[in-house]
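The values are calculated or read from the model by the stated rules, or taken from the named source; none is laboratory data. What you see is a predicted model, and the numbers here were worked out from it, not measured in a lab. As a convention, Cβ positions derive from the backbone with ideal geometry for all residues, glycine included, and neighbour counts pool all protein chains shown.
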Amino acid sequence: MGVFHTISILVTNESGVLSRVVDLFSGRGYNIESLTVAPTIDRLYSRITIVTDGDSAAIEQINKQLNRLIPVIKVADLNLNEALECEVALVKLNCKDEEKSDILRIVDATNSKIIDVTDKAYTIQTVGSEKQIQALAELIKPYGVKEFVRSGKIAMSKGNQFVNIKNL
Amino acid sequence: MTKELYSGAEIILKSLVKEGVTEIFGYPGGQVIKIYDALYNQNEIKHYLVRHEQAAIHAAEGYSRATGKCGVALVTSGPGACNTITGIANAYYDGYPIVVLTGQVGLSQIGNDAFQEADIVGITRSCCKHNYLVKDIKDIPRVIKEAFHIATTGKPGPVVIDLPKDVQTAKSTFEYPESIKLVGYNPNYKGHPLQIAKAVKMLTEAHRPVIISGGGVLMSGAHEELQKLAQLIQAPVTHTLMGTGTYPDSLESSLGMLGMHGNYWANYAVVHADVILALGTRFNDRITGCLKRFARDSHVIHVDIDPCSISKNVKVDIPIVGDCKNVLLGMIEYFEKKQPNIYKDDKDKWFSQIDEWKQKRAIPPFTGDKLSAITVIQKLYELTKKYSPIVCTEVGQHQMWAAQLFQFNEPRKLITSGGLGTMGFGFPAAMGACAGKPEQLVLNIAGDGSIQMNIQELATCVDYGFKVINCIINNGYLGMVRQWQEKLFNKHYSETKISAPDFVKVAEAYGAIGIRVQHEDEIEPAIIKAIEAKSPVFIDFVVENFEMVYPWVLAGEPLTKVLLSNDCAVK
C-alpha cells in the first residue's frame, strides 16, 4: 500500500463511462477509496474524481490505462501538495438536552452548520478538507450518531493550471 | 422532394458497405432477423453462415489477419452474443481489428430479463477496445464509422456494437458522416524525435545489439524497414510468436523465435546483449521468463504504439510511443545520413558468439514405433513451402512445433492465438483466411483436442468451398498440459488423456475428405492428395503419445535456463 493519490478524470458525459472507469480499477484489483462524478459547466463533459492508493508504478499504469479508454479525455494526478480539495459530510445526531450546548460548540469549532433540527436530533453539515471531516468524525463519536454520510472528494489544481475544455 | 426512408437494418448494411466491408461471418436469430432480411435483398456483402457463433468471430479475426482488413461478425442476442466473448477477448489480446454486431432485445425490454437478453456491453467492457449500445437509429452511421476507426487505428482491437430490435426496425433517412471526432482518442503515430535521437545514439554505441520484433511490426507493415535497419546497424533479429514473419527466418542474421519455447541462441543473445531494441512487443511473460532477471544488464529501447505496454513489465531506458514504421524510418534516415562507426569488429565477434550458441539444438526425439509429430510437421513444411501457404494453428504442442519448424519469410503467413491461447481458434480462423485469400493454400495444424472444439465448422467449409487442410497431430492427449504433468507433476496425467472420433469418418460424414497417416512413407502422398482436393481435408496423423516440446524455459525461470531435452539441463 502506498500513498493516496487523487486522480481527476475529464470524460465525455455518456452512459456507461463511469462503469468503464470503475471496471478498470476493480478488474485489476486497484482499490477505490472514494469517487465522485458530475457534469462540468459544459454538460457534454463530466469530471470523475477518484482517490486510490498504490505505489508509483501502479499509479503510472492506472493513468496510462485510463488514458487508453476512448471516452477519457484527460487524466490528472493531483498530488496532495498541489491540489485544492473539498468534501461534504452530513451527520445526524441524537441530541439529549444536556448535550446540546456541547454539540453547538463542536459545530462552531469545525466550521459546520446545523441544517436540520427536530426534538430528537440535529443534522450537521460540514464542508472542508479530508482532515476537517476526520476531525468532526472524531469529535462526535461519543454522541449518538444515527447516520454519517460523506461525499467523495472533489479536487482541482492550485494556481493558474487548469484542464482546458474549450478547445476540444 | 422527400428523401428515401430506410430501416435501421438497411442503414446498418449501407454503413458497412461505406466502410468497404465485402464479407461477414454470422449466425441468425430472433433479434437480428431484420438485419438478415435486409441481407437477403442485397448483394454487396457476402454472408458466411457458420455453425457456432464462436467460429464467426474467429473467422472474422482470421480474415483480418490474412488480409489486413477489418473483420466483421454478426450474431443474435443472448446466447449468440455470449458465444462471441472468447473470440472478442482473443482479438483484444493479440490486437487485431474486428467489429462485432450483436442483436439485442428492444429498448423498453432491456434490463427486464427478456427472452435471449444478455448485457453484452457490460460483459465485454473489459475485453474489447470499445463498445456501443445504439439507442437511436440516427446514431447508427456515426457509431459504425467510429467503430471501424477505433478498431483499425492505434493498437487495433475488437469493437462491439449492440443493436436493439426496435432500432433495427425504425425508419430514417441515410446520411453517412464525412468525418467523426473522438475527443478522447488520439493515438500517437509519430514517435518523439528527441527519443528517437537518444535511441540512435544508443544503437550506434552498441557492441552486442539485439532487435526483438513483435506483432506491432506486423500491424505497422514495417517489415522492410526492420530489415533495412538491422542491416545498417549489423544487428541480429529475433521475433516473438506474434512477430513471426516480420523478419525472414531464412536470413543468417535471424535468430528465430525467442521465449519459453524459442531457440536457445535467441534467448542467450537477448540475455547477453548490451542494447535491446524492442519493436511492437508487450514483453509478455512467455518471452521474458523471470522478469526480475530479464534484461538486467542491458539497455532497453522500447517502441510501441500503446503507451500502456511501455514500462508495464520491463523498465525501459528509452521509451518511444509511436508507430514502428515511422520510428524505424526516422532511425534509418539517421544511419544512412550520418553513417556512424558501428564497431564492425565487435559485431563480427558478436555474430560468431551467436553461431557458437546455434550449435545448441533441442535433442531429437526418441524413435519409437509410432510416427513422430516433429517429423510430421517438419515434412509438412518441406512439402508445402513452395506454395508459401497461410499456416493457422490451434493451441498446444503442435502450435509450438509449427512455430519452431516452419520458416516464415513474410508477414501474415502464421495465424495463431498468442495472448489468449484459444483452443478451437485455428480451424475457423483458417476459414476466414480462405474467405479473404481464396487463391492461397491454407493449412490448419491442430491437435486432437483442439480440433474437436470447432469441428462442426467442417460444414461451413464444405458449403463455401473453403479448402482448409487440417493436419491433426493426433497423440491421444492434451499434449502441452501432459508435458507439464510429466515434468512437474510426477506424470500424473490427470484428465489429459482424451478420446477422439475417427477423424476420417467424421470428415466424410460432413462431405469432406479424410486421410489417415500412420507411417512416414504415407505423409507425402497424403499431403499431395490434400493439396489437390477440391474440398476441406482432415489428415489424421496418428503420432507418438509422449513427445515433448524443447527447447523449454520453465515458467518463472530466467531465459538462461533453457532445457534442451528431458535428461540434460543446460546452464
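Return the total of residues in segment B:319-362 being in contact (Cβ under 8 Å) with a residue 40 or more places away in the chain and of a type in the set (S, T, N, Q).
Going through segment B:319-362 one residue at a time, the tally reaches 3.
Based on what the data block shows, is B:GLU225 touching a Cys at 6+ places or on another chain (Cβ under 9 Å) and either outside any helix (DSSP H, G or I) or surrounded by fewer than 24 Cβ atoms within 10 Å (Cβ to Cβ) (or both)?
yes
So B:LEU488 fits all but one of (1) in contact (Cβ under 8 Å) with a residue 60 or more places away in the chain; (2) surrounded by 14 or more Cβ atoms within 10 Å (Cβ to Cβ); (3) of a type outside the set (Val, Ile, Thr); what number is the exception?
(2)
Does segment B:152-165 hold any residues that are within 11 Å of chain A (Cβ to nearest Cβ), closer than 18 Å to A:GLY16 by Cβ and in contact with a Gly (Cβ under 7 Å, 6 or more places away or on another chain), and which are they?
B:GLY157
Find all pairs meeting these conditions: Cβ atoms under 7 angstrom apart; at least six residues apart or on different chains; first residue within segment B:293-306 and within 13 Å of chain A (Cβ to nearest Cβ) and within 19 Å of B:TYR268 (Cα to Cα); second residue among the hydroxyl-bearing types (Ser, Thr, Tyr) and surrounded by fewer than 19 Cβ atoms within 10 Å (Cβ to Cβ).
Hits for this filter: zero, empty list.
Which one is surrounded by the most Cβ atoms within 10 Å (Cβ to Cβ) among residues in segment B:273-291 that are away from chain A (no Cβ under 14 Å) and assigned to a helix (DSSP H, G or I)?
Going through the qualifying residues, I end up with B:ILE287.
Considering segment A:74-98 alone, what residues qualify as being under 29 Å from A:ARG47 (Cβ atoms), modelled with pLDDT under 90, not in a helix (DSSP H, G or I) and not aliphatic (A, V, I, L, M)?
Listed by number, the residues that qualify are A:ASP77, A:ASN79, A:GLU85.
Being of a type in the set (A, V, I, L, M, F, W, C), under 19 Å from A:LYS64 (Cα atoms), touching a Ser or Thr at 6+ places or on another chain (Cβ under 7 Å) and within 14 Å of chain A (Cβ to nearest Cβ) narrows it down to one of B:VAL314, B:VAL321, so name that one.
Testing whether each residue is of a type in the set (A, V, I, L, M, F, W, C), under 19 Å from A:LYS64 (Cα atoms), touching a Ser or Thr at 6+ places or on another chain (Cβ under 7 Å) and within 14 Å of chain A (Cβ to nearest Cβ) leaves just B:VAL314.
Would you be able to say whether some residue in segment B:469-491 is in contact with a strand residue (DSSP E or B) (Cβ under 7 Å, 6 or more places away or on another chain), within 22 Å of B:TYR48 (Cβ to Cβ) and either modelled with pLDDT of 95 or more or outside any loop (DSSP other than H, G, I, E, B) (or both)? First the steps, then the outcome.
Start the filter on segment B:469-491 by keeping residues that are in contact with a strand residue (DSSP E or B) (Cβ under 7 Å, 6 or more places away or on another chain), which leaves B:469-477, B:479.
Narrowing the set further to residues that are within 22 Å of B:TYR48 (Cβ to Cβ) leaves B:469-470.
Filter once more, keeping what is either modelled with pLDDT of 95 or more or outside any loop (DSSP other than H, G, I, E, B) (or both): B:469-470.
Yes, the conditions are met somewhere in segment B:469-491.
Got at least one residue in segment B:125-146 being acidic (Asp, Glu), in a helix (DSSP H, G or I) and out of contact with any helix residue (DSSP H, G or I) (no Cβ under 9 Å at 6 or more places or on another chain)? Reasoning before the result, please.
Our first condition is that a residue be acidic (Asp, Glu); within segment B:125-146, this holds for B:136, B:139, B:146.
Retained after the next criterion (residues that are in a helix (DSSP H, G or I)): B:139, B:146.
Subsequent filtering for residues that are out of contact with any helix residue (DSSP H, G or I) (no Cβ under 9 Å at 6 or more places or on another chain) retains B:146.
Yes, there is a match, as at least one residue in segment B:125-146 is acidic (Asp, Glu), in a helix (DSSP H, G or I) and out of contact with any helix residue (DSSP H, G or I) (no Cβ under 9 Å at 6 or more places or on another chain).
Those residues that are part of a strand (DSSP E or B) and at pLDDT 90 or above, I need them from segment A:99-121; list them, please. It would help to see each step written out before you state the result.
First, the residues of segment A:99-121 that are part of a strand (DSSP E or B): A:113-117, A:121.
Scanning segment A:99-121 gives A:LYS113, A:ILE114, A:ILE115, A:ASP116, A:VAL117.
List the number of the failed condition for A:ALA57; all other conditions in (1) part of a strand (DSSP E or B); (2) aliphatic (A, V, I, L, M); (3) at the interface with another protein chain (Cβ under 10 Å from one of its Cβ atoms) hold.
It is condition (1) that A:ALA57 fails.
Answer yes or no as to whether B:ALA38 is of a type outside the set (Asp, Glu) and crowded, with 23+ Cβ neighbours inside 10 Å.
Against the criterion (of a type outside the set (Asp, Glu) and crowded, with 23+ Cβ neighbours inside 10 Å), B:ALA38 does not qualify.
Look through segment B:121-144, keep the residues that are away from every other protein chain (no Cβ under 12 Å) and in contact with a Ser or Thr (Cβ under 7 Å, 6 or more places away or on another chain), and return whichever of them is nearest to B:GLN168 (Cα to Cα).
So, considering only residues that are away from every other protein chain (no Cβ under 12 Å) and in contact with a Ser or Thr (Cβ under 7 Å, 6 or more places away or on another chain), the one nearest to B:GLN168 (Cα to Cα) is B:ILE137.
Identify, please: which residue in segment A:11-27 is within 16 Å of B:LEU133 (Cα to Cα) and assigned to a helix (DSSP H, G or I) and is, among those, farthest from the other protein chains (Cβ to nearest Cβ)?
The qualifying residue farthest from the other protein chains (Cβ to nearest Cβ) is A:LEU18.
Between B:ALA278, B:ALA197, B:ALA235, B:ALA222, which is in contact with a His (Cβ under 7 Å, 6 or more places away or on another chain) and within 27 Å of B:GLN339 (Cα to Cα)?
Numbers: B:ALA197 fails: in contact with a His (Cβ under 7 Å, 6 or more places away or on another chain); B:ALA235 fails: in contact with a His (Cβ under 7 Å, 6 or more places away or on another chain); B:ALA222 fails: in contact with a His (Cβ under 7 Å, 6 or more places away or on another chain).
The conditions single out B:ALA278.
Only one residue in B:VAL270, B:VAL303 is touching a strand residue (DSSP E or B) at 6+ places or on another chain (Cβ under 7 Å) and assigned to a helix (DSSP H, G or I), so which one is that?
The unique qualifying residue is B:VAL270.
Inside segment B:16-34, can you point out the residues that are of a type in the set (S, T, N, Q) and more than 24 Å from the chain's Cα centre (by Cα)?
Listed by number, the list holds a single entry, B:GLN31.
What's the number of the condition A:ILE124 fails, among (1) assigned to a loop (DSSP other than H, G, I, E, B); (2) touching a Ser or Thr at 6+ places or on another chain (Cβ under 9 Å)?
(1)
Sort out which residues of segment A:28-54 are within 14 Å of another protein chain (Cβ to nearest Cβ) and in contact (Cβ under 8 Å) with a residue 60 or more places away in the chain, and write them in order of number.
Result: A:THR40, A:ASP42, A:TYR45, A:ARG47.
For segment B:346-367, check the following and say yes or no: at least one residue is over 24 Å from B:SER254 (Cβ atoms) and crowded, with 19+ Cβ neighbours inside 10 Å.
Just the residues of segment B:346-367 that are over 24 Å from B:SER254 (Cβ atoms), to begin with: B:365-367.
Retained after the next criterion (residues that are crowded, with 19+ Cβ neighbours inside 10 Å): none.
The answer is no; no qualifying residue exists.
What number of residues in segment B:138-160 are more than 20 Å from B:GLY68 (Cβ to Cβ) and surrounded by fewer than 24 Cβ atoms within 10 Å (Cβ to Cβ)?
6
Which residue is surrounded by the most Cβ atoms within 10 Å (Cβ to Cβ), if the candidates are limited to segment B:78-120 and must be among the charged types (D, E, K, R) and away from every other protein chain (no Cβ under 14 Å)?
Residue satisfying both the conditions and the ranking: B:ASP94.
Out of everything in segment B:171-185 that is of a type in the set (Ser, Thr, Tyr), away from chain A (no Cβ under 14 Å) and part of a loop (DSSP other than H, G, I, E, B), what residue ends up being nearest to A:ILE73 (Cα to Cα)? Give the derivation first.
As a first pass, look at segment B:171-185 and keep what is of a type in the set (Ser, Thr, Tyr): B:172-173, B:176, B:179, B:185.
So of that shortlist, the ones also away from chain A (no Cβ under 14 Å) come out as B:172-173, B:176, B:179.
When the remaining residues are screened for being part of a loop (DSSP other than H, G, I, E, B), the result is B:173, B:176, B:179.
Values: B:THR173: 32, B:TYR176: 25, B:SER179: 19 Å.
The qualifying residue nearest to A:ILE73 (Cα to Cα) is B:SER179.
Would you mind stating whether B:GLY245 is touching a residue at least 60 places away in the same chain (Cβ under 8 Å), surrounded by fewer than 24 Cβ atoms within 10 Å (Cβ to Cβ) and in a strand (DSSP E or B)?
Considered against the rule, which asks whether it is touching a residue at least 60 places away in the same chain (Cβ under 8 Å), surrounded by fewer than 24 Cβ atoms within 10 Å (Cβ to Cβ) and in a strand (DSSP E or B), B:GLY245 comes out as no.
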